[in-house]
């Protein structure tokens, strides 16, 4: 029988990207990548879904039409996650992702703060995994049992 420790959690990572300058957008992307790396390296049995990260990487120009298309695609893929993890603050895109998660019944965890320090990482990672498990619905957990 599968336990909570065995369950692979698919986390949709939500983080602000849009900003006034390309340097600020690059900084936001780098912060989101740092969170992604930290989660992969420290939180056991969590897969990170962040399609917007590669969308912004391959698109070299910003426009309202491209932003809308990217957000539409992100929201469609968000449905494949067990839970949304929002880090790095609030933005219109983050709010749209959180609203969509609520609309389709996916739990969300919002972290207001920076990445944990090296010394804090193990304890922080264990607490984060427990919180992510709590946010999943019973239906999500049952579906996960058959998937692994």
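Before anything else, pin down the relative contact order of region 9-147: Cα pairs under 8 Å, at least 6 apart, normalised by residue count, whole percent.
Numbers: 166 pairs, mean separation 42.9, N = 139.
Normalised by residue count, the contact order of region 9-147 is 31 percent.
Counting C-alpha atoms alone, how compact is region 9-147: give Rg to one decimal and Dmax as a whole number, in angstrom.
14.9, 45
Once R0 is set to 22 Å, what does the formula 1/(1 + (r/R0)^6) return for the Cβ-Cβ distance between residue 127 and residue 96, expressed as a FRET efficiency to the nearest 0.05?
Using R0 = 22 Å, I get an efficiency of 0.20.
Output needed: percent of Cα pairs per 10 Å distance bin for region 48-129, bins running from 0 to the one holding the longest distance.
15, 44, 30, 10, 0
Which residue fluctuates most in the GNM of the chain (Cα springs below 10 Å): 82, 99, 114?
In this elastic network of the chain, the residue with the biggest mean-square fluctuation among 82, 99, 114 is 114.
Any read-out appearing in this document is the output of simple, stated calculations on the displayed coordinates, not a laboratory observation. It should be emphasised that the depicted structure is a prediction, and the values quoted were computed from it without experimental measurement. Quick reminder, even Gly has a Cβ in these numbers, built from the backbone with ideal geometry, and neighbours come from all protein chains shown.
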